[in-house]
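Visitor: So that we are looking at the same thing, I have put the structure below in structure tokens.
Every number here is computed from the coordinates shown, using simple stated rules; none is lab data. Since the model is a prediction, treat every value here as computed from it, not as a measurement. We place every Cβ from the backbone using ideal geometry, glycine too, and count neighbours over all the protein chains shown.
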Amino acid sequence: MAFEYSDKVQDLQKRLNAFMDEYIYPAEAVFKAEMDEARKNGNPWVPTRIVEQLKEKARAADLWNLFLPESQFGAGLTNLEYAPLCEIMGRSPIAPEVFNCSAPDTGNMETLVRYGTPEQQQQWLMPLLDGTIRSGFAMTEPDVASSDATNIQARIERDGNDYLINGQKWWTSGANDPRCKILIFMGKTDPDNPNRHRQQSMILVPMDTPGITVLRHLPVFGYDDAPHGHAEVRFENVRVPASNILLGEGRGFEIAQGRLGPGRIHHCMRLIGKAERALEKMCRRALQRVAFGKPVADQGVTRERIANARIMIDQARLLVLNAAHMMDTVGNKAAAKEIAMIKVVAPNMACQVIDWAIQAHGAAGVSEDFGLAQAYASSRTLRLADGPDEVHRNAIAKLELSRYIER
């Protein structure tokens, strides 16, 4: 199948690349300096001036909310059309937020578009689309193996016209951020339901609701990922209106599948961009450095790694484009195998390519000077986030085996 980009997409690619060259890449050092200063002052959980300034430039350039297929709120792009644009954004750790296309907000916005009531959309979706607030997703729990989401123990219990929420979550992205105003929370409304996939519900929980306590931020391989970050959060008798429930009781898994499909493919798109930039850095470094009498680029092992990196990136990209095409043409549910496949392939590919790039840089590769160590940390994390490799491999195998079961 040929994945030829339309004139519209090629124009957006050109404009995005130009914006990245003129504004994003030069701003990375400014962002780091602002964050270093904020940490020195004892509070990294503050928005940076540079990113907020770049958001205004991106909005003025009409490079805003490029995701959201099949929605009046987005740019009118399909998943397949968005893929190469998301890849470009993935080349920089600050770019997705600049274009209002960063996780977990994109997944939460898609959830509100698909499953939110008009009132919920007005209250929470519109400010998210405008970039005036941010959001979090509270699903994973510290006390159970959350790779099996039926294990979650948090409770959502009806109490008159309200729901009472109790539980403890962690890796809630964004909960440290003062701009995070709303969480999508997954918990059990019917723990005794014989159908394990009908026990859970999702509900909207404003961050300023009494009973919510952010216990601590959770670094990733030592990186705090401020100002957004990840947190462990306790919910004690948190009371929200019954109208905050999404879609209805027992629909949590249904919503999760609708939300996580797009979220997973967006991560994979960004990982390809991250790997591309790592390969670029690897090639430039290898051409500049001399070891044992010749450029590192002339060493056989380096050339082998460069070649394999190019092969692996292109293979992953084709798989992602195929999954995007399937999501557009047959829907997320029918594309479950393709989504699971890329969720395994893309993070593993990125980890390997970045690791080779680190090796080509020598000791400099594990420093903060080239961004490779942080790129590796975030890529390695994505072998766990939105489902670990093992869960996705198991799903792929079951779908493959089902083709050979006699009916």
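Visitor: Which percent, to the nearest 5, of DSSP beta bridges fully inside the chain are antiparallel? Display every interim value, and only then the final one.
Guide: Working: 30 of 36 bridges.
Roughly 85 percent of the DSSP beta bridges within the chain come out antiparallel.
Visitor: Which three extents, in whole angstrom, do the alpha-carbon atoms of the stretch 253-404 cover along their principal axes, largest first?
Guide: Principal-axis extents of the Cα atoms in the stretch 253-404, largest first: 58, 30, 25 Å.
Visitor: If you place +1 on the Cβ of every Lys and Arg, -1 on the Cβ of every Asp and Glu, and leave all else neutral, what size is the dipole of the chain about its Cα centre, to the nearest 20 Debye?
Guide: Working: 48 positive and 51 negative charges, 158 e Å.
The dipole of the chain has a size of about 760 debye.
Visitor: What dipole magnitude, in Debye to the nearest 20, does the stretch 1-79 give about its Cα centre under +1 on Lys/Arg Cβ and -1 on Asp/Glu Cβ?
Guide: Numbers: 10 positive and 13 negative charges, 50 e Å.
The dipole of the stretch 1-79 has a size of about 240 debye.
Visitor: Here is a further query. In the chain, if the dipole is taken from +1 on Lys/Arg beta carbons and -1 on Asp/Glu beta carbons about the Cα centre, which of Gly273, Gln299, Gln72 is farthest to the positive end?
Guide: Gln299
Visitor: What residues qualify as long-range amide H neighbours of Gly174, i.e. H under 5 Å apart, gap of 5 or more or another chain, H built at 1.01 Å from N?
Guide: Result for Gly174 returns Gly229, His230, Ala231.
Visitor: Here's another thing I want to ask about it. Please give the charge dipole size of the stretch 278-407, origin at the Cα centre, charges +1 on K and R Cβ atoms and -1 on D and E Cβ atoms. Round to the nearest 20 debye.
Guide: Details: 18 positive and 14 negative charges, 34 e Å.
Charge dipole, the stretch 278-407, about its Cα centre: 160 debye, nearest 20.
Visitor: Now for a different question. Compute the orientation-averaged projected area for the chain from the convex hull of its Cα atoms and round it to one decimal in nm². It would help to have the intermediate numbers written out before the result.
Guide: Working: hull surface 87.9 nm².
That works out to 22.0 nm².
Visitor: Using each residue's phi in the stretch 336-351, evaluate 6.51 cos²θ - 1.76 cosθ + 1.60 at θ = phi - 60° and report the 3J(HN,Hα) Karplus result to the nearest Hz, with x for Gly and Pro.
Guide: 4, 5, 5, 5, 4, 4, 5, 5, 7, 5, 5, x, 5, 4, 4, 4
Visitor: Amide H of Ala138 versus every other amide H placed in the peptide plane: which residues, excluding those fewer than 5 positions away on the same chain, fall under 5 Å?
Guide: Amide H to amide H, under 5 Å and 5 or more residues apart or across chains, Ala138 pairs with Ile184, Phe185, Met186.
Visitor: Which order, highest average first, do 361-367, 3-9 follow once you tally other Cβ atoms within 10 Å for each residue and take the mean per peptide? Don't jump to the answer; show the numbers that get you there.
Guide: Values: 361-367: 15.1, 3-9: 12.3.
By packing density, highest mean first, the sequence is 361-367, 3-9.
Visitor: What's the FRET efficiency of Ile311 with Asn161 using the Cβ-Cβ distance as r and R₀ = 60 Å, to the nearest 0.05? Please report the intermediate quantities before stating the final value.
Guide: Working: r = 59 Å, r/R0 = 0.98.
Once rounded, the FRET efficiency stands at 0.55.
Visitor: Then there's this: Karplus couplings for the stretch 26-42 from phi (6.51 cos²θ - 1.76 cosθ + 1.60, θ = phi - 60°), rounded to Hz, Gly and Pro as x?
Guide: Couplings: x, 7, 4, 5, 5, 4, 4, 5, 5, 5, 4, 5, 5, 5, 4, 7, x Hz.
Visitor: If you fit an axis through the alpha-carbon atoms of helix 49-60 and take the longest principal axis of the Cα set of the chain, what angle between them do you get, 0 to 90°, nearest 10?
Guide: Approximately 90 degrees, to the nearest 10.
Visitor: Rounded to the nearest 10 degrees, what's the angle between the helix 252-288 long axis and the longest principal axis of the chain, both from Cα atoms, 0 to 90?
Guide: Result, in degrees: 20.
Visitor: Right, something else. By per-residue mean of other Cβ atoms within 10 Å, what is the highest-first order of 113-122, 387-396, 247-256? If you can, show how the numbers build up before the last one.
Guide: Details: 113-122: 15.2, 387-396: 16.9, 247-256: 19.4.
With the highest mean Cβ count within 10 Å placed first, the list reads 247-256, 387-396, 113-122.
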